[in-house]
Amino acid sequence: MRKFLVFLITLVLSFALVSCKKDDGIVVRFAITSGQIKTAIESLQFEERFEEMNPGINVVIVAIEGSYDDLRANTMMDINSGSATAPDLVIGYPDHFAEYYGGGALVNLQPYIDHPEYGFTEEELNDFLESYLAENRGYNSERPDDLYGLPFNKSSEVLIYNRTAFELLFEDEWEEKVPQTWDELEQVSLEIIDLVKAGKLDEHWVKETDGKEEGFLKVSDYVQTGKFAPFGYDSSGNAFITLTRQWGGKYTSRDSVAKGYAEFFEDGVAKQMMEDIKALHDAGIFNLAPNFGSNYCSDALKAIQCIMTVGSTAGVRYNESSDYEYDLGVAPIPYKHEDKKYVIQQGTNICMLDVNSTEEELLAAWKFLKFMLSSDNTAAFAIETGGYFPVRKSAFESERYQNYLTNPAEEKKAYSAAARVAQEYYISEYTYFVDPAFIGSSKIRTEVGSLFDDIIVNGEDIDARFEELRNDLYAFVIKK
């Protein structure tokens, strides 16, 4: 039966290719977020180069202002309305794809991957990092191994720190003070608070207003006014999900893409984790961006309101300041238990959508998807963006990418350091994880981020807030 299906798909795609060649009006719409990704695609001329190789196919990049969630919401509107301008390709997370699957628009890529002429060979498919492929499976319970997406831009979280501040505070012992565990982070943070309060960072950075020097920045003043904490976590959602795992708890599970569960209510570990993190916050150690009066913890680090933050490898350079000169350091994120060194696997995948699409349009979209994921292109994209990683092993191992890791351009040094840390995760027994995607899993992620904010920023009661969330997520709590 499977051989017959592959033959049938092969036949259809072959006719589709003929039609594609005859029709000069094929348009492939590729929906992405604006900013770093759009800039890199334009710089690398993906559209122009592909169109030169494929006359008659025109690529239109649709860049959505805002976040990946904004892109998801916009795409769902296109799916639900049956829009004629719905994207053929779109980047996103597995839980976003689960919603597209529920809307009947997500295309199974396996027939295209297996196609003898236009697909991937077994060697080519094995060239993708398996952990990246795994998160794109499991959408169809009858064919759980079929791929409904392919990895596009991948990242992770790292500990980013003000290396200059560590050197000023701890002198020759500074490297030993970069924390590896949460217990070490607590201890070194208490030391940092005492040293900063004593003025050890007060005579280093000069304040300027309109180009005029106004004396030194007194970091000790931040402590007195409650605007300083040694550490900040940039993403509340990531913090809840990662730390629940590091503390030994479960986050979510699923029966199928249509039914999943919020597991973190069951064993009490997530609540204990929140109590421990709240204690760190109350001790003046752990903050979120709003605690600093900022949108991102990188803003606080740039203002010397904190000197350590966990953030995305894709955003490392946002921690570089134009006001104060310092060197950045990058290290693995702290862990709670030696056998639970979890770190989140981030970044988006790319999927195909069928919203009133023709076979010719789908084939054209597949060809552009495959073009972007060539070994050379994924290496070039990773280097151009800086903080994202290649998605293929051969790209990682290429001379070009290895040179980027060991001898980066000046403006890419922080990104290169972050990429080296991410490689270290693979060899130092860290566990990359991605939570199972199902319809509603994006809602759960949003809600746990809000819970984290409400407890750490707004001081809400932990027990009461968990009970409120249990009620809000009731449909995902009760197992049938």
Can you pull the accessible area of Ser43 for me, 1.4 Å probe, Å² to the nearest 10? 60
Among Asn136, Val158, Ser428, which residue has its Cα furthest toward the positive end of the charge dipole of the chain, with +1 on Lys/Arg Cβ and -1 on Asp/Glu Cβ? Asn136
Using θ = phi - 60° and the Karplus form 6.51 cos²θ - 1.76 cosθ + 1.60, what ³J(HN,Hα) does each residue of the stretch 298-312 get, whole Hz, x for Gly and Pro? 4, 5, 5, 5, 5, 8, 6, 7, 8, 10, 9, 8, 9, x, 6
For the stretch 17-96, with only Lys/Arg (+1) and Asp/Glu (-1) charged at the beta-carbon, what is the dipole magnitude about the Cα centre, in debye rounded to 20? 160
Length released on extending from Asn407 to Asp70, taking residue separation times 0.36 nm less the Cα-Cα span: 117.7 nm
Net charge dipole size for the chain [Lys, Arg +1 and Asp, Glu -1 on Cβ; Debye, nearest 20]: 1180
Given backbone amide H placed at 1.01 Å from N, residues whose amide H is under 5 Å from that of Val59, ignoring those fewer than 5 places away on the same chain, are Val28
Rounded to the nearest Å, what's the spacing between the alpha carbon centres of the stretch 47-65 and the stretch 361-402? Just the number, please. 16
Rounding to the nearest 20 debye, state how big the charge dipole of the stretch 346-397 is about its Cα centre with +1 on each Lys and Arg Cβ and -1 on each Asp and Glu Cβ. 240
The percentage of the accessible area of the stretch 203-259 (probe 1.4 Å, all protein chains present) made up of carbon and sulfur atoms, to the nearest whole number, is 41
Counting DSSP beta bridges with both partners in the chain, what percentage is antiparallel, nearest 5? 60
Of Lys177/Lys197; Lys370/Lys413; Lys218/Lys302; Lys207/Lys302; Lys367/Lys413; Lys38/Lys302, pairs whose Cα-Cα distance is over 22 Å: Lys370/Lys413; Lys367/Lys413; Lys38/Lys302
Taking the Cβ of Asn126 as the center, what net charge do the other residues with Cβ under 11 Å away carry, scoring Lys and Arg +1 and Asp and Glu -1? -3
Approximate shape of the stretch 292-343 as ellipsoid semi-axes (Cα gyration tensor, √5λ), whole Å, largest first: 24, 12, 10
What relative contact order, as a whole-number percentage, does the chain give when Cα pairs under 8 Å and 6 or more residues apart are counted? 23
At 7 Å along Cα-to-Cβ for each site, give me the label-to-label distance between Met53 and Arg137 in nm. 2.7
Give the long-range amide H neighbours of Thr181: residues separated by 5 or more places, or on another chain, with amide H under 5 Å away, using H modelled in the peptide plane at 1.01 Å from N. Tyr335
So how far apart, in nm, are the two label points at Val27 and Gln224 if each is 7 Å from Cα heading toward Cβ? 6.3
Leaving out ligands and nucleic acids, and using a 1.4 Å probe, what accessible area per residue does the chain come to in Å²? 44
Taking a temperature of 4 °C and a viscosity of 1.567 mPa s, what whole-number D in µm²/s does Stokes-Einstein yield for the chain with Rh from Kirkwood over alpha carbon pairs? 54
Per the stretch 95-198, sqrt(5λ) over the Cα gyration tensor eigenvalues, sorted largest first, in Å, gives 49, 17, 11
Carbon and sulfur atoms account, in whole percent of the 1.4 Å probe accessible area of the stretch 358-480, for 47
Cα gyration tensor, the stretch 321-480 - rounded (a/c under 1.5), prolate or oblate: oblate
Highest-first arrangement of 142-148, 58-64, where packing means the average Cβ count within 10 Å: 58-64, 142-148
Mean ellipticity per residue at 222 nm, deg cm²/dmol - from DSSP H runs of n ≥ 4 across the chain, formula -39500 (n - 2.57): -13500 deg cm²/dmol
Would you mind calculating the relative contact order of the stretch 170-311 from Cα pairs under 8 angstrom and at least 6 residues apart, reporting the percent as a whole number? 23
Between Asp172 and Glu213, how high is the FRET efficiency from 1/(1 + (r/R0)^6) when r is the Cβ-Cβ distance and R₀ = 51 Å? Nearest 0.05. 0.95
Estimated translational D of the stretch 323-364 in µm²/s (Stokes, Kirkwood radius over Cα pairs; 20 °C; 1.002 mPa s): 134
If I model a spin label at Phe371 and Ile427 as a point 7 Å from the Cα along the Cα→Cβ vector, what separation in nanometres do I get? 3.7
Can you tell me which of 439-451, 384-396 comes out highest on packing, and rank the rest after it, using the mean Cβ neighbours within 10 Å? 384-396, 439-451
Expressed in angstrom and rounded, the centroid-to-centroid distance over alpha carbons for the stretch 322-354 and the stretch 233-290 is 16
What net charge is computed for the residues neighbouring Asp327, neighbours being all others with C-beta under 10 Å from the C-beta of Asp327, Lys and Arg scored +1, Asp and Glu -1? -1
How much net charge surrounds Asn458 when only other residues with a Cβ under 14 Å from its Cβ are counted (Lys, Arg +1; Asp, Glu -1)? -4
How high is the FRET efficiency between Lys393 and Ala258 when r is their beta carbon distance and R₀ equals 35 Å, given to the nearest 0.05? 0.55
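The values are calculated or read from the model by the stated rules, or taken from the named source; none is laboratory data. Model, not experiment: these values are computed from the prediction. Here the Cβ is made from the backbone with ideal geometry for all residues, glycine too, and neighbour counts use every protein chain on show. Ligands, DNA and RNA are excluded from the accessible area calculation, which covers all protein heavy atoms including side chains. Shrake-Rupley method; radii C 1.70, N 1.55, O 1.52, S 1.80 Å.
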